[in-house]
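A short write-up of the structure that comes next.
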Amino acid sequence: MTDVTETPAPTRLRRILDSDLFYAFRTSPVALISALVTMFLILSAVFAPLIATTNPFDPASLNLMNGFTPPMEPNAFTGENFLLGTDDQGRDVFSTILYGMRISLFVGVTAVVFAMVLGIVLGLLAGYFGGWTDTIIMRAADVQLTFPSILVAMLIFGIAKGITPIEYRDQMAIWVLILAIGLSDWVQFARVVRGATMVEKGKDYVAAAHLIGRPSFAIMIRHILPNVLSPVLVIATISLALAIIAEATLSFLGIGAPPTQPSLGTLIRIGQQFLFSGEWWILFFPACTLLALALSVNLLGDWLRDALNPRLK
Amino acid sequence: MLSFMLRRVGQSILVLLVVGLVAFSMFRFVGDPIDNMLGQERTLEDIERLEQQLGLDRPFPVQYLRFLEGAIQGNFGVSYRQGREVSEILLERAPATLELAAVSAVLAILLGIALGVYTAIRRDGFVANFIMSTSLIGVSLPTFLIGILLIYLFSVELNWLPSFGRGEVVDLGGWTTGLLTASGLKSLILPSITLGLYQMTLIMRLVRSEMLEVLRQDYIRFARARGLADRTIHFRHALKNTLVPVVTIIGLQLGAIIAFAIITETVFQWPGMGLLFINAIQFVDIPVMAAYLMLISVMFVAINLIVDILYAFIDPRLRVAGK
C-alpha cells in the first residue's frame, strides 16, 4: 500500500512556508521573540558542554578558593574572573545554569511526551470504544482532576521514592520526577483526544475504513489520530511550560532533582541559603533563566492556541 | 434536585474510596518502614518487636480492615519518623495552615473583587492598565519565586518583616493562633500575600471580564438613563450579577489554596501541615503522607460538593443537564 502522507522534501517545505500558520507566525512579534528566546535557551542547553567554561560537576576542575566570587569581579584569592560569579563550592554559576537548564528541559520535555502518549492512547481508547472503557478511563480522570496536579505529582514522587531501594534513590530521582510530572498531566490530553475522537468516529472516512476491513487499531492510529493532533500540539506546548515550573517547584522543595544533578529549581534552592548573607547572584541568575524559559514557552503556547483556533480567524 | 444531589454525594464517596485505596496501598506496599525507623544497626529482635508494634506482621485483609476502621476514627497510626500519633501531629499543625489559608483567601477575595471592579470601570485608565499588566507577571511567576522575592525585599533589604516561622502564638484550648500577637500578625503578612497572589489575580481578571460583559447590557443603559448614581449602578446592579461565576471560582480555589500552602509553607518555614507533608515525602514517612492525603481529599471533595450544589441552586439549568 502506498503511503499518501509521504511527500518529497522540497514540496513539504514549500507547503509549510505557504501555510496560514507560518504566515501568522511571521507576522506576530510575540511569537517571533518567544520562539527566538526558546530556541536560544534550548540550543544553549543542548550544547552546554561546548559553551560552559567549566564542567561544574567534575570535582577536579573545582577550586574551593574560588567560592562566592561576585559576578564580573576577580576573586580575592585566585584573581580568576567569572561572568555570573560562583557558588559556595566555587562552581561557575554560568556553567551550572547551562547544565541545570539541560536537566530542567530534559525532565520537562520527557514528562510532557510521556503524558502526551499516555493521554492520547487512553483518549483514543475511551473515545473510540465508548462504554465501559470510556467510563473507567474518564472516571479515573475525574478523580485525578479533583486535585491540583502539583499535589498529584508530589504524591507520586513520594510513593515512587518509597518503592525505589535506598541505594538507587539519587540515581533514579530524575526518572521518578519525570514519572510524577507525566502522570499528573495526562488528563488534559486524554480529555481533548477523547472529545475529538468521538466527533471523528462518526465521519464517513472512518466508516469507509471499517468497510474495507481495516482493524480498529489501524483506524485509530493511522486515520483518526492525525485528525485530532492539532489541539494536542497546543496542550503540549502549554504543558511544557507548566512541566518546567512544576519540576522547578518540586526540586526547590527538595523533592526533585538531587544536588548531584541540579536542575534550575535545585539551583534556586541552593541559592536561597545564601540570600541572607548577600550572595544574591547564586539565586538571581538561575531564577531569571527559569522565568525566561517558562515565560517564552508559555507565550508560544498561547500564540499557538490562538493561531490554531478557527473561531478567531 | 434530590436525585442530582444524591448522585453528587455518591460520586464524592466514590472519590474518597479510591483515595482511601491509594492511601492503604501506600501503607502496605511502599518502602520498608522497618528500614526507615531502625537504620543500619539493628537486630532481628528489634525488627520483630517493631513489626508487632506497627501491626505489619498481620495478614493483608486484617491490615486493610484495621486501616479502614482507623481512618474513619481519624487514626492513622504512628509516624515512622517522629514516633508519635499521626493524628496528634496533624491536629497540632492544622491551625497554622488553616489560619494562613483563611487569611490568604480573604485577602484574595477582597482585593480581587475590588481591583476587578476598578479595572473594569476605569478600563482605559493608566492605573488600571498598569494593574492589568502587573497581574500578568503575577500569573507567570512561580509561587516560590514570589515568596523569595518578598523575603529578599522586606526581610533582607528593608528588614521590616520576619522571613520565617509564625512568630509568637497564643494557645486557645488546643488551637494555636498567631492572630492575637503583634509578631504573629507580622509573620503572617508575607506568607499570606505569597499564597493569595495567584488567586487574587485570577479573581480580579474574572470579575473584570464579567463586569465588562454586564456593563454592556441594556438594563445598565436603562439604569443610567434613569439617572441613577454611578455608584449604585456599579455595585447594586452590575457587581451583583457578576457574582455567580465568581462564587464558583472562589469555591474551587479554596482547595487550591490549601494545596499550594505546601509551597508557601516550605519557603517561609511555616509550621503547618504542608511543611509536614513535604518532610514526610523527603523521609518517606508513609503514615503522615497517607493521613495528609486523606484529610486534604475530604476537604477537596467537600468543597467541590458544596460548590456544585450551591451552583445548582443558583442556576436551575444545571439541575437537569448535570452529567
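Take the residues in the stretch B:122-137 that are surrounded by fewer than 16 Cβ atoms within 10 Å (Cβ to Cβ) and among the small types (G, A, S); name whichever of them is nearest to the other protein chains (Cβ to nearest Cβ).
B:S133
Please verify whether A:L295 is at pLDDT 80 or above, surrounded by fewer than 20 Cβ atoms within 10 Å (Cβ to Cβ), at the interface with another protein chain (Cβ under 10 Å from one of its Cβ atoms) and out of contact with any Asp or Glu (no Cβ under 6 Å at 6 or more places or on another chain), treating the condition exactly as stated.
Against the criterion (at pLDDT 80 or above, surrounded by fewer than 20 Cβ atoms within 10 Å (Cβ to Cβ), at the interface with another protein chain (Cβ under 10 Å from one of its Cβ atoms) and out of contact with any Asp or Glu (no Cβ under 6 Å at 6 or more places or on another chain)), A:L295 qualifies.
Is it the case that some residue within the stretch A:153-175 is more than 14 Å from chain B (Cβ to nearest Cβ), closer than 15 Å to A:L250 by Cβ, in a loop (DSSP other than H, G, I, E, B) and at pLDDT 85 or above?
no
Going through the stretch A:116-140 one residue at a time, which ones are away from chain B (no Cβ under 12 Å), among the hydrophobic types (A, V, I, L, M, F, W, C) and within 17 Å of A:A196 (Cβ to Cβ)?
A:M116, A:V117, A:L118, A:I120, A:V121, A:L122, A:L124, A:L125, A:A126, A:F129, A:I137
Take the stretch A:222-237 and flag every residue that is among the hydrophobic types (A, V, I, L, M, F, W, C) and open to solvent by 70 Å² or more (accessible area, probe 1.4 Å).
Those that are among the hydrophobic types (A, V, I, L, M, F, W, C) and open to solvent by 70 Å² or more (accessible area, probe 1.4 Å): A:L229, A:L233.
Considering only the stretch A:191-198, I want to know if a residue exists there that is assigned to a helix (DSSP H, G or I) and without any contact (Cβ under 8 Å) to a residue 60 or more places away in the chain.
no
Of all helices (runs of 4 or more DSSP H) completely enclosed by the stretch B:210-323, which ones contain at least 3 residues that are open to solvent by 20 Å² or more (accessible area, probe 1.4 Å) and within 12 Å of another protein chain (Cβ to nearest Cβ)?
It comes to B:240-267, B:286-314.
Quick one: which of A:A257, A:A246 is more than 12 Å from every other protein chain (Cβ to nearest Cβ), within 21 Å of B:Q269 (Cα to Cα) and surrounded by 24 or more Cβ atoms within 10 Å (Cβ to Cβ)?
Sole residue among the options that is more than 12 Å from every other protein chain (Cβ to nearest Cβ), within 21 Å of B:Q269 (Cα to Cα) and surrounded by 24 or more Cβ atoms within 10 Å (Cβ to Cβ): A:A257.
Please go through the stretch A:270-288 and pick out each residue that is of a type outside the set (D, E, K, R) and open to solvent by 20 Å² or more (accessible area, probe 1.4 Å).
If the condition is that a residue be of a type outside the set (D, E, K, R) and open to solvent by 20 Å² or more (accessible area, probe 1.4 Å), then A:I270, A:Q272, A:Q273, A:F274, A:F276, A:S277, A:G278, A:W280, A:F284, A:F285, A:C288 are the ones that fit.
Please enumerate the residues belonging to the stretch B:47-65 that are at pLDDT 75 or above and either of a type in the set (K, R) or within 31 Å of the chain's Cα centre (by Cα) (or both).
B:R49
Could you list, in sequence order, all residues of the stretch B:209-234 that are in contact (Cβ under 8 Å) with a residue 12 or more places away in the chain and of a type in the set (F, W, Y)?
The answer is B:Y219, and nothing else.
The values are calculated or read from the model by the stated rules, or taken from the named source; none is laboratory data. Keep in mind it's a predicted model, so treat the numbers as computed, not measured. In this analysis, Cβ positions are derived from the backbone assuming ideal geometry, glycine residues included, and neighbour counts consider all displayed protein chains. For accessibility, only protein heavy atoms count, side chains too; no ligands or nucleic acids. Shrake-Rupley method; radii C 1.70, N 1.55, O 1.52, S 1.80 Å.
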